[in-house]
Amino acid sequence: MLALTEFMSRVLCLNCGEQTPRGVLQERIKLLNPTWNAEAQGLAPDGDVFLSEEQVQSFQVPSCVRCGGLLKPDVVFFGDTVNPDKVNFVHRRVKEADSLLVVGSSLQVYSGYRFILTAREKKLPIAILNIGPTRSDNLACLKLNSRCGELLPLIDPH
């Protein structure tokens, strides 16, 4: 099973490629913003929060400790180019799998949809957990229309 937390738990420097654990970055954020109150005005389904202009303007953004460059989560955002090594890694894992679970994606862009096509080619069962319709609902044996953050903690891995 591929642990998505492997990618979600680190940030990368866009300049030098330095990898930093997300927890380490969170501590640096707290040190840079000791009086910053992150009480959100609301939470969006994608995990974004709504902040006041004052909250945004006062926030101090940490930079790379190695080179001072910009940091970003080690995920592919909409419009980003997907690293070919990561694409090949996931294709290999899908080909080794006995099923595929899609969590929190509409699969509207090809970068995610292509893994569904690989799973379908291999005749793997596909399950989808997402709020609203996805591009692959018709290919899934199971579609759960639920919030990921509410349903996933209920799954017992043992």
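Couple of notes before you dig in:
- First in segment 141-154 and touching a residue at least 24 places away in the same chain (Cβ under 8 Å), second anywhere and open to solvent by less than 70 Å² (accessible area, probe 1.4 Å) and part of a strand (DSSP E or B), Cβ under 8 Å, 6 or more apart: Cys148/Val103; Cys148/Leu129; Leu152/Val103; Leu152/Leu129
- Annotation note: of Arg28, Arg10, the sole residue that is basic (Lys, Arg), touching a Leu at 6+ places or on another chain (Cβ under 9 Å) and at pLDDT 85 or above is Arg10.
- Considering residues of segment 106-125 that are in contact with a strand residue (DSSP E or B) (Cβ under 9 Å, 6 or more places away or on another chain) and among the small types (Gly, Ala, Ser) only, the residue surrounded by the fewest Cβ atoms within 10 Å (Cβ to Cβ): Gly112
- Those residues of segment 126-155 which are outside any helix (DSSP H, G or I) and open to solvent by less than 60 Å² (accessible area, probe 1.4 Å), in sequence order: Ile126, Ala127, Ile128, Leu129, Asn130, Gly132, Thr134, Ser136, Ala140, Ser146
- Residue among Asp85, Asp74 that alone is within 20 Å of the chain's Cα centre (by Cα), open to solvent by 70 Å² or more (accessible area, probe 1.4 Å), over 25 Å from Gly132 (Cβ atoms) and modelled with pLDDT of 80 or more: Asp85
The values are calculated or read from the model by the stated rules, or taken from the named source; none is laboratory data. Note that the structure is a prediction, hence the values are computed from the model and not measured. So basically every Cβ, Gly included, is an ideal-geometry build from the backbone, and we count neighbours across all protein chains shown. For accessibility, only protein heavy atoms count, side chains too; no ligands or nucleic acids. Shrake-Rupley method; radii C 1.70, N 1.55, O 1.52, S 1.80 Å.
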